[in-house]
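S.K.: Below is the structure I would like to discuss, written out as structure tokens.
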Amino acid sequence: MPHNAQRKPMLSVGEWALLIALIVEVAFFASAAPSFASWGNFFEVLRFSVELGLLAVALTPILITGGIDLSVGSTIGLTAVLFGVMTQTMHLPILVAVLLSLLLGVAAGALNATLIAGLRLPALIVTLGTFSLYRGIAEGITHGAVSFTGYPAGFLHFGQGYFWRVVPVQLPIFLLVVAAYGVLLHRSVVGRSLYAIGFNAEGARYAGLPVRQRLALIYVLSGLVASLAAIIYVAHLGLAKSDLGTGYELQAIAAVVLGGTSVFGGRGSIFGSMLGLFFLSVLQNGMHLMALPSELYGVLTGLLLLLIVSADRLRARAGKQPLDETAVTRRKPLIAIGAIVAIAAGIFVALHARHGNTANGNQLTIAVMPKAKGDPYFISARAGAEEAAKELHINLIWDGPTSLDASQQNELVENWITREVDAIVVAVENKGSISTVLRKARAHSIPVLTWDADAQTDARDYFLNQATPEGIGTSLADEAARLMPEGGQYAIVTGALSAENQNDWIRNIKARIAAAHPNLTLATIQPSDDDRDKAFNATQTILKAYPQVKMIIAISAPAVPGAAEAVTQSGRANVDVIGLSLPSICRAYIHAGSVQTIFLWNTRDLGYLTVYSGVLKAQGKIAPGARTVHVGRLGDLQVRGSEIVLGVPLKIDKSNVDQLQF
């Protein structure tokens, strides 16, 4: 090679730009986010990046060839469920179950490979199909409700443990996979052929490259890596359920594309994908530590993806333009990157100033997590939490998943531990999943309280019980019997089939009816996932499949109006609706006669209790063995062991619904 020949730079212009952006991002959060600049948080970012990082690594060569694999997230869910079945139901040794799970991943990838490489079907259509297939099988096995917990400590250490108390145990495995893919893609004949396929698949085929074999290899490897991610994920969370990995395929693709891999094929690198992964991981971690809204992460990620894809198209056009135009065109992505960074910084500063969640002076910081921020029930509770925070002059962090997501609850608690908040109060989605991280918080001397639904008793200090399950079950069962004096069939519309508190209520409804109202018969239980539209659809199904049903008992706040609307549209005047919900969203249906009765505690009072009790516990003002505790305007509340009880359910009907403003 001539001495003046230009060598290919180690990093592309895009990778340099992303690396600089990552450094700026780290510097920004180090100055703005509490506890961000610490070794502990650095390794926590790495730990939470492992599962997503494995998928990003596996998807990089696939996107380089111009393909896509949308099934990797569903492969995680299927592998997790079958791993749970093998260990908890079939009682196979952990090592055997791990090996069989990895083989399952190979089989899942091989199906994609056969259809894409063998039959030359479009990768988008094939993997969209297997995306639904694998998730559907997982949900069919578990009926969307069963989760598997109770794994041995040695296995959980694989996902939750540390070397030298700081380095995550799963990190070396991740680094080995990254290194192996780096060699495959950048230091082998196979890797060079993958770039050729992405640049021009037909040309590569005419050049004699084994295109089918190369494509089959990367899709099989993708399935294998996804199953490995599933094993680590189960060990990390301590449970296996069918919805694990939901949305991970899109997040992984976002990381890969952000790292410079072209969606049109022919360009990309493992290093670039790792830069994209860590840029997104640091962004999410820093936002959580700054107590900014979780949904902002999705907004910024979407903006970045639009930017990168647009820049990719501009770069593709640049190759066809004269030299002077090319220079200008190549500067456009950099200008756009600067604009996005400036916009993002402005959003951060504005929201940070608006929320004012950074601790000030000696003020306490209480972190409260709802199950789902958009649920009207929790929106109502937030007003009470903010009232208590203002009264007590403390900093309130109110954040949680936008939908029911146990893994995101875990991640938020980990970030709050890093931030060293003064108390954590959580409405638990899955007790088997979150209890481990809550124990970790207690080990860091952070008081932990639960509300709405409980964790395992050794994982928290107090459970803020809105009402006892027995009281809720008895109230609903007795009201159903009052409205159906001659007996008949009833159906239950619940939230999530895996919701511990709602399952407790169902057990108590059944027990009360069996003991006091044997003329009532349960027809079916249908989930709504705390979604009004899903409750509407579930009730429609009940009315068609079980025409003898005379009563719908809806035990999720959005489910009551959803069920009432379905009954109203059906014209079935002989069907009554009762349940647990807010008067504000049921008022019209109660006056119309579609809803006869609802029961609920004052949700604003419950939100007030979360913050006030967190402050009392953080200040050591709840005496061990206390029978009562004074909670501000709520007065003295009863303490039953490790539960603080808000009160008995309030019956709401036409006589009082207009008097209640929550």
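The values are calculated or read from the model by the stated rules, or taken from the named source; none is laboratory data. Note that the coordinates shown come from a computational prediction; the quantities given were computed from them, not determined experimentally. As a convention, Cβ positions derive from the backbone with ideal geometry for all residues, glycine included, and neighbour counts pool all protein chains shown.
S.K.: Which of the helices (runs of 4 or more DSSP H) contained wholly in the stretch 1-94 include at least 3 residues that are closer than 30 Å to Leu364 by Cβ? Outline the logic, then answer.
M.R.: Working: elements: 13-32, 39-64, 72-84.
Once the helices (runs of 4 or more DSSP H) in the stretch 1-94 are filtered for at least 3 residues that are closer than 30 Å to Leu364 by Cβ, what remains is 13-32, 39-64.
S.K.: For the stretch 238-248, what are the residues that are over 20 Å from Leu277 (Cβ atoms) and of a type in the set (A, V, I, L, M)?
M.R.: Step one: filter the stretch 238-248 for residues over 20 Å from Leu277 (Cβ atoms), giving 238-243.
Within the stretch 238-248, Leu239, Ala240 meet the criteria.
Listed here are the residues, each with its yes/no results for (1) in the same structural domain as Val146 (by TED's automatic domain parsing); (2) touching a residue at least 24 places away in the same chain (Cβ under 8 Å); (3) crowded, with 24+ Cβ neighbours inside 10 Å; (4) more than 24 Å from Gly238 (Cα to Cα).
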site: Leu59; (1), (2), (3), (4): yes, yes, yes, yes
site: Ile62; (1), (2), (3), (4): yes, yes, yes, yes
site: Gly66; (1), (2), (3), (4): yes, yes, no, yes
site: Gly73; (1), (2), (3), (4): yes, yes, yes, no
site: Thr87; (1), (2), (3), (4): yes, yes, no, no
site: Leu92; (1), (2), (3), (4): yes, no, no, no
site: Gly105; (1), (2), (3), (4): yes, yes, yes, no
site: Leu115; (1), (2), (3), (4): yes, no, no, yes
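S.K.: I would also like to ask the following. Considering the stretch 442-465 alone, what residues qualify as being farther than 15 Å from Glu429 by Cβ, surrounded by 21 or more Cβ atoms within 10 Å (Cβ to Cβ) and without any contact (Cβ under 8 Å) to a residue 40 or more places away in the chain?
M.R.: Across the stretch 442-465, the qualifying residues are Ile446, Val448.
S.K.: Answer yes if at least one residue in the stretch 173-183 is closer than 17 Å to Ser101 by Cα and not assigned by TED's automatic domain parsing to the domain that holds Ala496, and no otherwise.
M.R.: yes
Yes or no, residue by residue, for (1) surrounded by 18 or more Cβ atoms within 10 Å (Cβ to Cβ); (2) in contact with a Ser or Thr (Cβ under 9 Å, 6 or more places away or on another chain); (3) closer than 15 Å to Asp243 by Cβ; (4) assigned by TED's automatic domain parsing to the domain that holds Leu70:
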| residue | (1), (2), (3), (4) |
| --- | --- |
| Arg120 | no, no, no, yes |
| Ile125 | no, no, no, yes |
| Leu128 | no, yes, no, yes |
| Ser132 | no, yes, yes, yes |
| Arg135 | yes, yes, yes, yes |
| Ile141 | no, yes, yes, yes |
| Gly144 | no, yes, yes, yes |
| Ser147 | yes, yes, yes, yes |
| Gly154 | no, no, no, yes |
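S.K.: Which of the residues spanning the stretch 386-401 are of a type outside the set (A, V, I, L, M) and either free of Cβ contacts under 8 Å to residues at least 60 places away in the same chain or touching a strand residue (DSSP E or B) at 6+ places or on another chain (Cβ under 9 Å) (or both)?
M.R.: We begin by selecting, within the stretch 386-401, every residue of a type outside the set (A, V, I, L, M); these are 386-387, 390-391, 393, 395, 398-401.
Within the stretch 386-401, Glu386, Lys390, His393, Asn395, Trp398, Asp399, Gly400, Pro401 qualify.
S.K.: Within the stretch 536-571, count every residue that is more than 23 Å from Asn602 (Cα to Cα) and small (Gly, Ala, Ser).
M.R.: The total comes to 5.
S.K.: Sticking with this structure for a sec: Looking only at residues that are of a type outside the set (D, E, K, R) and more than 36 Å from the chain's Cα centre (by Cα) in the stretch 638-662, which one is surrounded by the most Cβ atoms within 10 Å (Cβ to Cβ)? Before the answer, list the steps.
M.R.: Filtering the stretch 638-662 down to residues of a type outside the set (D, E, K, R) leaves 638-639, 641-642, 644-650, 652, 655-657, 659-662.
If we keep only those that are more than 36 Å from the chain's Cα centre (by Cα) as well, we get 655-656, 659.
Working: Ser655: 9, Asn656: 12, Gln659: 8.
Once the filter is applied, the top-ranked residue is Asn656.
S.K.: OK, next. I'd like to know if the stretch 516-532 contains one or more residues that are buried (at least 24 other Cβ atoms within 10 Å of the Cβ) and either out of contact with any Asp or Glu (no Cβ under 8 Å at 6 or more places or on another chain) or assigned by TED's automatic domain parsing to the domain that holds Ile424 (or both).
M.R.: Pass one, the stretch 516-532, residues buried (at least 24 other Cβ atoms within 10 Å of the Cβ): 528, 530.
Next, from what is left, pick out any that are either out of contact with any Asp or Glu (no Cβ under 8 Å at 6 or more places or on another chain) or assigned by TED's automatic domain parsing to the domain that holds Ile424 (or both): 528.
Checked the stretch 516-532: at least one residue is buried (at least 24 other Cβ atoms within 10 Å of the Cβ) and either out of contact with any Asp or Glu (no Cβ under 8 Å at 6 or more places or on another chain) or assigned by TED's automatic domain parsing to the domain that holds Ile424 (or both).
S.K.: I've got another one for you. Identify the residue in the stretch 613-637 that is in contact (Cβ under 8 Å) with a residue 40 or more places away in the chain and not in a helix (DSSP H, G or I) and, among all such residues, is surrounded by the most Cβ atoms within 10 Å (Cβ to Cβ).
M.R.: The residue in question is Ile622.
S.K.: Being surrounded by fewer than 24 Cβ atoms within 10 Å (Cβ to Cβ) and modelled with pLDDT of 95 or more: is that true of Phe174 here? I'd like the intermediate steps shown before the answer.
M.R.: Working: surrounded by fewer than 24 Cβ atoms within 10 Å (Cβ to Cβ): yes; modelled with pLDDT of 95 or more: yes.
The answer is yes for Phe174.
S.K.: Pick from Ala381, Ala385, Ala372, Ala367: which is at pLDDT 95 or above and either part of a loop (DSSP other than H, G, I, E, B) or farther than 19 Å from Ala33 by Cα (or both)? Step through it out loud before you land on a result.
M.R.: Values: Ala381 fails: at pLDDT 95 or above; Ala372 fails: at pLDDT 95 or above; Ala367 fails: either part of a loop (DSSP other than H, G, I, E, B) or farther than 19 Å from Ala33 by Cα (or both).
It is Ala385.
S.K.: Continuing with this model, one more query. List, please: which pairs have Cβ atoms under 9 Å, are six or more places apart or on different chains, and start with a residue in the stretch 240-256 that is farther than 23 Å from Leu497 by Cα and polar (S, T, N, Q) and end with one that is assigned to a helix (DSSP H, G or I) and modelled with pLDDT of 90 or more?
M.R.: From residues that are farther than 23 Å from Leu497 by Cα and polar (S, T, N, Q), the pairs are Gln251/Leu52; Gln251/Leu55; Gln251/Ala56; Gln251/Gly73; Gln251/Leu280.
S.K.: A further question follows. Assess whether Ser147 counts as being polar (S, T, N, Q) and either in contact with an Asp or Glu (Cβ under 6 Å, 6 or more places away or on another chain) or without any contact (Cβ under 8 Å) to a residue 12 or more places away in the chain (or both). Reasoning before the result, please.
M.R.: Values: polar (S, T, N, Q): yes; either in contact with an Asp or Glu (Cβ under 6 Å, 6 or more places away or on another chain) or without any contact (Cβ under 8 Å) to a residue 12 or more places away in the chain (or both): no.
Spelling it out, it is not the case that Ser147 is polar (S, T, N, Q) and either in contact with an Asp or Glu (Cβ under 6 Å, 6 or more places away or on another chain) or without any contact (Cβ under 8 Å) to a residue 12 or more places away in the chain (or both).
S.K.: Determine, yes or no, whether Ser71 is farther than 27 Å from Gly259 by Cα and under 27 Å from the mean Cα position of the chain (by Cα). Before the answer, list the steps.
M.R.: Working: farther than 27 Å from Gly259 by Cα: no; under 27 Å from the mean Cα position of the chain (by Cα): yes.
Here the answer is no, as Ser71 does not meet what is asked.
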